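What follows is a short report on a single structure.
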Amino acid sequence: MKLIIRLIACCCFLTSLAGCSDISLATRRGPQPDRELQWPPLPMPSRITWVREIGNYRDLGIAKGFWQRVVDFVAGEANAGFGKPYGVFVDDRDRVFIVDVGLGLIHVMDQPEKLYSVIGAGKVPAFRTPIAVTEDDGNNLYITDAGTGIVYRYGLESKKLERFSKFLMERPTGITFNRQNRLLYVSDTASHQVVVIDMNGNERMRIGTRGTGPGQFNYPTDLVVDKEGALYVTDALNARVQIFSPQGRFKSSIGKPGDTPGSFAKPKGVAVDSDGHIYVCDAMFDAVQIFDQAGRVLLDFGSHGAGAGQFWMPSGLFIDKNDFIYVSDSYNRRIQVFKYLKVDEPVTRPSVSSK
């Protein structure tokens, strides 16, 4: 009866490149810039510009959905900020999905509908160590859980969370969906392979073995598929990104170990913009490097710190259909949004949900 009463009460972002939820977090963040932040710096033409940071759903001007308010009222409201954001994904409807390793859940920020909710919260957490998220062409999310070795599926319409993979992996981390062949690619970090899964949750093939040669991996982490269907995999301990055909055939690699431009120390997230430039965030350098398809480094942005355009152990990386670049600034407990500007695109600070 008490539960029923409480439920009722709840009703109430180089030319070749074509408010906070708690006081401690707000204090640790640097001030918002009073001028345009761009890379390369003035007087050169801007190709990357800083847009904003997201520390909680309120930073996008949205509110909690009805059922999320119900859950919060019954179980107690959770901290509105992030614990340790890692994977980030933005779909074609401008919905932002952030995997929070620290809190063991997924934040859902529906910008068009101005609603916020979470997946996996409750007294019995649905996930042990969620890492990454992607979406198919049928309004379903797929979430890797490194702690359980399982890929989960969540229906955005049905609101149903269920086990999807019909087999266990050692430590699934990155995940991406290939619209060309309707297959999911998952980096199984501990087995040093990429696992390909069909839409029925069955394993179709595995790419790679452990090693340092072409097509071999040493703890792969993040991955992404470009608009042509090519697969890019962060080969973390080999300090490189390897590129494969949709069928898993090795094509090329970029990067090498080191601390000079074009080298990596601890590469994590990888993404590709609309012109085919490859972005890689390095958690040790606290920066994002940009390469062309030949592997030449074009530009980098970011430095260590807590201010706008600075990072502290960045991890996940995603570029949406409008070339907004989302970087999980994990230890600053925020997502920073940047924008890739084409040569003829004006240098203005657009809104995150611009079309």
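The values are calculated or read from the model by the stated rules, or taken from the named source; none is laboratory data. Given the structure is predicted, the values throughout are model-derived calculations rather than measurements. Glycine also receives a Cβ, built like all others from the backbone with ideal geometry; neighbour counts cover every protein chain displayed. Remember, those area values only see protein heavy atoms, side chains included, never the ligands or the DNA or RNA. Shrake-Rupley method; radii C 1.70, N 1.55, O 1.52, S 1.80 Å.
Per-structure values
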{"read-out": "Which listed residue is open to solvent by less than 10 Å² (accessible area, probe 1.4 Å), within 29 Å of Lys256 (Cβ to Cβ) and out of contact with any His (no Cβ under 7 Å at 6 or more places or on another chain), from Gly174, Gly213", "value": "Gly174"}
{"read-out": "Residue match in the stretch 179-193 (condition: open to solvent by 20 Å² or more (accessible area, probe 1.4 Å) and aromatic (Phe, Trp, Tyr))", "value": "no"}
{"read-out": "Subset of the stretch 122-134 (residues that are out of contact with any helix residue (DSSP H, G or I) (no Cβ under 7 Å at 6 or more places or on another chain), open to solvent by 20 Å² or more (accessible area, probe 1.4 Å) and within 17 Å of Lys160 (Cα to Cα))", "value": "Val124, Pro125, Ala126"}
{"read-out": "Residue in the stretch 228-238 that is assigned to a loop (DSSP other than H, G, I, E, B), open to solvent by 20 Å² or more (accessible area, probe 1.4 Å), at negative phi and not β-branched (Val, Ile, Thr) present", "value": "yes"}
{"read-out": "Matching residues, the stretch 210-228, being of a type outside the set (D, E, K, R) and modelled with pLDDT under 95", "value": "none"}
{"read-out": "Segments classed as strands (runs of 3 or more DSSP E), wholly inside the stretch 245-329, with at least 2 members that are closer than 17 Å to Leu341 by Cβ, open to solvent by 10 Å² or more (accessible area, probe 1.4 Å) and of a type in the set (Val, Ile, Thr)", "value": "none"}
{"read-out": "Evaluation of Val352 against (1) surrounded by fewer than 16 Cβ atoms within 10 Å (Cβ to Cβ); (2) at pLDDT below 95 (one fails), failing number", "value": "(1)"}
{"read-out": "Test: residue in the stretch 174-188 that is in a strand (DSSP E or B) and either among the acidic types (Asp, Glu) or touching a Lys or Arg at 6+ places or on another chain (Cβ under 7 Å) (or both)", "value": "yes"}
{"read-out": "From Ile150, Ile98, residue being surrounded by fewer than 21 Cβ atoms within 10 Å (Cβ to Cβ), modelled with pLDDT of 95 or more, aliphatic (A, V, I, L, M) and touching a strand residue (DSSP E or B) at 6+ places or on another chain (Cβ under 7 Å)", "value": "Ile150"}
{"read-out": "Pairs, first at positive phi in the stretch 105-118, second hydrophobic (A, V, I, L, M, F, W, C), C-beta under 6 Å, six or more apart", "value": "Lys114/Ile62"}
{"read-out": "Residues of the stretch 189-208 satisfying the condition of being within 19 Å of Ala146 (Cα to Cα) and either among the polar types (S, T, N, Q) or not in a loop (DSSP other than H, G, I, E, B) (or both)", "value": "Thr189, Ala190, Ser191, Gln193, Val194, Val195, Val196, Ile197, Asn202, Glu203, Arg206, Ile207"}
{"read-out": "Test for Asp110: is it more than 15 Å from the chain's Cα centre (by Cα), open to solvent by less than 50 Å² (accessible area, probe 1.4 Å), charged (D, E, K, R) and within 21 Å of Arg333 (Cα to Cα)", "value": "yes"}
